[in-house]
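> The structure follows.
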Amino acid sequence: MFSFLPVLALLATAHSWYTCDEVEFCSNIRYNYNIGSYSLTNIEVDTSVTGNLINEQTAESFSFTFTALVGDTFRLTVQDADNSRYTPKDDVLDGTPTEQSLTLVSISEDLLILSVDDDLSVYLYVSPFYIEVLRDDQVIIEINKANRLIINTADEDKSLSLDISFPIANTAYGIPQHAENLSLPSTGPGGLSAYRMFNVDNWGYPAYTREALYGAIGVLYGISTDITSGIFWMNGAQTFIDITNEGDGVDALFISETGALELFLFAGPTLRDCVRQYTTLTGVTPLPQYFTLGYHQCRYSYMSQEDVETVVAEFDNHNFPMDVIWLDIDYSDGYKYFTWNYTAFPDPEGMQNNVAATGRKMVAISDPHIKVEEGYFVYEQALGGDYFVKDSNGDVYEGECWPGLSSYIDYFNPEAQEWYGELYSLENFPNTTLNLYIWNDMNEPSVFEVDELTMPGDLSHYGGIQHRDVHNMYGFKQTQATYAGLLKRDPTKRPFILTRAHFAGSQRYTAMWTGDNSPSWDHLRVSIPMLLSESLAGIAFCGADVGGFAGNVDEELLQRWYQAGVWYPFYRSHSASDTERREPYLYSDEIQERIRSALNIRYAHIPYWYTLFFEHEITGDPIVRPLSYHYPADEAVLPIDEQWLIGSDIMAATVLHEGAESIQTYFPGGSDAYWYDLENNLGYSGEGYYEIAVDMDSAPYYYRSGSLVFIIDDEVRSTEEQRGKSYTLRIFLDTSLQATGNFYFDDLESFDYRNSLYHYLQFTYDYNTNELTIQKLHEDADFDGEFIIDQVEVNTLGVLYSGSDSNRLHQINRQIIYANIVVGKMQSRKTIKL
């Protein structure tokens, strides 16, 4: 039997991830300053600019296209003359981008001036080639200004590079996945390592590093208090990025191993605009089922059916809410996916039904490696269908993973995609029910006992694609196939998938988590900027393992992590096989109560989360956001990443430091803004930092003045028990003694919302008239379901009445209004006197 323990030791101690200086194509470009320049010839201007880009040293010619897209976005494509360089556009982009005409303002021998509208223009310099994007006559993006464009064409080296600058930016966000600060620290030759995008199985990765991790999304934003802009480097190959981010503009150098040059430019003018421009291209996270927003309990592994059912029962016995329990690899027969270990799990279908009877769901892992074993139906079918990745000789590639010798499904083969998806059917995955959802792990892909624990670049995919061209897309393609399979299995339910490896566009199919983190305070802290960076790159449904995966966790850290995890979009505890068990009910009564309190806060706010996910699907706005998303003119918030916003109305500022008795918390918005702390019955004006006293029971979060938030106050075992519960309407008055908030409601699981079967309403409360107004936001949407508001909680501050209090700290006044407001099918607007 293949043992995982030596492999865990290998993963923990033996790997060493390459830096740019250790990779030939990258180091050759990074230190090459004496390069020739490129010039444009054969220029034609129609709806876009086309021509040839000529290397003035070698006379090599490349096709060039520059296009304007709807929404203040531009696209630059540079391709070999024979169109042979790989580009992932058909997979990554969510449909064909809508083009917009460019207007030629003037043309000379050296310069084309183009415009989209009165505010936005492009200067296209012919020789040497470079591009400037201007908004209101201010240069906001520069392309190849430093003349670092390189396109190598030798058979053994197809690497390319390009310099990109944001001349007015104060800092830079983006290029996940890295365990780094939100505001990206500078790199540079002779200094810090370049950021590496190369999906690898980096088990127990260090915090605050530029090492490669599990995902690669080439989105970079130049953040300014004046104008923010961004770019998307669309390339599936290994890529390094140098960043110079020192307050006087931001400079970046992208270096990719291979592929076409596909670059999108986002002209902002705000971070919110840039994120929406990016998600317009690559898509959004579809509204998930309601249960997915609850708490998930996982371990590597729950080793038996009895173990699973005991954990569920103990959660109930100790009054801990939970929605999902997870199965890692040991549920399967010898790590053969789509099979069961019937010795440990004698009645898998009965187990799933027993869990479902408690109102919970289950998730089972399914990795891309397939055990090489005659008689194993998945292996036999994949071999017969020619569905495996090939080696450089054209033979089926074999490598070591959990089952031992394994082959890897080639998800770039359309037939393999369809076949793999059908494996999830109830007929092909025996003894499963519709209560079982899927976890795609190890899909970087992970290969044991080889260089960097992943596939060599010279492997071959369907259609002759080399693996080095698409390495960072492999996990993306698996989740694409899994999503299609779950949708076919049950077209009436929104699929749920979790992935580790991800790429631009993964958000259309899957949630993600930050992989095999460690139980350290640094990892707790760095989880926040990691999730913010993913969110700004379109991955809205994201989380980190609560408590840390790779090792035992001390009790203080575990409690703080549960408190912070309340405000992750995806909320799951997970731990490695060699760690002490850490289910919440195993701790002292005091610790249990703190964890229970955190979980109950999460469940109370799930209606708010659900509304945000619906709004994400229609706007592209992330669920969790840096403070700069809503306070872009406040320079002080740009580096803050130990606080974060959930939507616009809740700010989390939980305790992230060991032994803390106080924390420094920044309250944005200015003197007319206030933040409500219901835990301590205090309101803070939005005028900067406060010293907040904390103890172990403190889990600070704040409501924005002028907001109105729906919660469910009742303690429940799962979201299933929230169905039919009445709501409390929490109102937080602003200086006008008013508040506004949105609420979304549907059947919580189906796709009927896409046929306008839902409620999407705006609630406005005016204290002066004591009236609550309900306004339909989508006139064509309606739904037979009803919900009840049985309590209205009006929170205000004394200063809001008088307007003369100069203090920054205020007591909250609270008024409870008991109501029985039934909201169902309605006309566009109604007003209720409270």
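Where a number appears in this text, it was derived from the coordinates with a stated rule and is not lab data. Owing to the predicted nature of the structure, the values given are computational and were not obtained by experimental measurement. All Cβ positions, glycine included, derive from the backbone under ideal geometry; neighbour counts span all protein chains shown.
> Return the calculated 222 nm mean residue ellipticity for the chain, to the nearest 500 deg cm²/dmol, obtained by summing -39500 (n - 2.57) across DSSP H runs with n ≥ 4 and dividing by the residue count.
The helix contribution divided over the chain gives -5500 deg cm²/dmol.
> Let me ask something additional. Treating the range 20-282 as a set of equal point scatterers at the Cα positions, no solvent, please give the Debye-formula log₁₀ I(q)/I(0) at q = 0.13 Å⁻¹.
Those come out to -0.81, one per q.
> Using alpha carbons only, what's the Rg to Rh ratio of the range 366-495 with Rh from Kirkwood?
Ratio of gyration radius to Kirkwood radius: 0.96.
> Another one. Once phi is turned into ³J(HN,Hα) by the Karplus curve 6.51 cos²θ - 1.76 cosθ + 1.60 with θ = phi - 60°, what whole-Hz value does each residue of the range 75-84 show in order, with x for glycine and proline?
For the range 75-84, the Karplus curve yields 10, 10, 10, 10, 9, 4, 4, 8, 6, 8 Hz.
> Report, in order of residue number, the helices in the chain meeting two criteria: a C-alpha extent of 20 Å or more along the helix axis, and a mean Kyte-Doolittle hydropathy of at least -1.0; treat each whole DSSP H run as one helix.
474-489, 521-536, 589-604
> Which three semi-axes in whole Å describe the equivalent ellipsoid of the range 660-748, each the square root of 5 times a Cα gyration tensor eigenvalue, listed largest first? Please report the intermediate quantities before stating the final value.
Details: eigenvalues 157, 77, 17 Å².
Ellipsoid semi-axes (Å, largest first): 28, 20, 9.
> Under the Karplus relation 6.51 cos²θ - 1.76 cosθ + 1.60, θ = phi - 60°, what is the ordered set of whole-Hz ³J(HN,Hα) values for the range 734-742, x standing for Gly and Pro?
9, 5, 8, 6, 9, 7, 9, x, 9
> Going by average Cβ neighbours within 10 Å, how do the peptides 381-388, 658-665 rank, with the highest at the top?
Most protected by this proxy first, the peptides run 381-388, 658-665.
> Out of Gly565, Gly670, Asn431, whose Cα points farthest toward the positive end of the dipole of the chain (charges: +1 Lys, Arg; -1 Asp, Glu; placed on Cβ)?
Checking the options against the dipole of the chain, the answer is Gly670.
> How do 137-143, 529-535, 620-626 rank on mean C-beta neighbours within 10 Å, highest first?
Numbers: 137-143: 19.0, 529-535: 27.0, 620-626: 24.1.
Packing proxy ranking, top to bottom: 529-535, 620-626, 137-143.
> Next question, about the same structure. If you consider only alpha-carbon coordinates, what radius of gyration and Dmax does the range 649-833 have, in Å?
18.3, 54
> In whole percent, what relative contact order does the chain give with Cα contacts below 8 Å and a gap of six or more residues?
10
> How high is the FRET efficiency from Glu661 to Thr343, r the C-beta distance, R0 60 Å, rounded to 0.05?
Values: r = 51 Å, r/R0 = 0.86.
The formula returns an efficiency of 0.70 here.
> Oh, and also: With only alpha-carbon atoms counted, please give the Rg and Dmax of the range 91-216, in Å.
18.6, 56
> For a quick check: sort Ile646, Ile107, Ile164 by the number of other beta carbons within 10 angstrom, fewest at the front.
If I rank by nearby Cβ atoms, fewest first, I get Ile107, Ile646, Ile164.
> 5 Å is the cut-off here: which amide hydrogens, built 1.01 Å from N in the peptide plane, fall below it relative to Glu60, excluding neighbours closer than 5 in sequence?
Residues meeting the criterion, in which the H sits 1.01 Å from N, are Asn55.
> Shape call for the range 64-118 from the C-alpha gyration tensor, a ≥ b ≥ c root eigenvalues: rounded (a/c under 1.5), prolate (a/b greater than b/c) or oblate?
oblate
> Rounded to whole Å and ordered largest first, report the semi-axes of the equivalent ellipsoid of the range 198-284 derived from its Cα gyration tensor (root of 5λ).
Taking √(5λ) for each Cα gyration eigenvalue gives 23, 17, 14 Å.
> If you don't mind, another one. Alpha carbon centre of the range 680-757 versus the range 552-607: separation in Å?
A separation of 20 Å, based on Cα centres.
> Straight-line reach from Lys477: which lysines have Cα under 18 Å away, leaving out those fewer than 8 places along the same chain?
Within reach: Lys89, Lys390, Lys488.
> Counting Lys +1, Arg +1, Asp -1, Glu -1, what net charge surrounds Ala252 among other residues with beta carbon under 15 Å of its beta carbon?
Local net charge: -2.
> Now for a different question. When Leu182, Leu93 are ordered from fewest to most other Cβ atoms inside 10 Å of their Cβ, what list results?
On the way: Leu182 26, Leu93 18.
So the ranking, lowest neighbour count to highest, is Leu93, Leu182.
> Would you kindly state how much longer the chain becomes between Lys493 and Asn152 on full extension, computed as 0.36 nm times their sequence separation minus their alpha carbon distance, in nm to one decimal?
Difference between extended and current length: 118.0 nm.
> Filter Lys361/Lys493; Lys361/Lys825; Lys725/Lys833 down to the pairs with a C-alpha to C-alpha distance above 19 Å, please.
Long pairs (Cα-Cα over 19 Å): Lys361/Lys825; Lys725/Lys833.
> Any idea what Rg and Dmax come out to for the range 384-460 if you just take the C-alpha atoms, in Å?
14.1, 43
> Name the long-range amide H neighbours of Leu797: under 5 Å, sequence gap of 5 or more, or other chain; modelled H, no Pro or chain starts.
Under 5 Å from the amide H of Leu797 lie the amide H atoms of Asn813, each far enough along the sequence or on another chain.
> Determine the sum of side-chain charges near Leu733: Lys and Arg each +1, Asp and Glu each -1, restricted to other residues whose C-beta is under 14 angstrom from that of Leu733.
-3
> May I pose another question? All other residues with a Cβ under 15 Å from the Cβ of Tyr585 taken together, and with Lys, Arg as +1 and Asp, Glu as -1, what is their net charge?
-4
> Just want the ordering: Met473, Met351, Met826, from fewest to most Cβ atoms lying within 10 Å of their own Cβ.
Met826, Met351, Met473
> Additional query: Quick one: work out the % antiparallel among DSSP beta bridges in the chain, nearest 5.
If I count the DSSP bridges inside the chain, around 85 percent turn out antiparallel.
> Name the long-range amide H neighbours of Ala212: under 5 Å, sequence gap of 5 or more, or other chain; modelled H, no Pro or chain starts.
Residues meeting the amide H criterion: Arg196.
> Could you state the orientation-averaged shadow area of the convex hull built on the Cα atoms of the range 253-302, in nm² to one decimal?
It is 7.7 nm².
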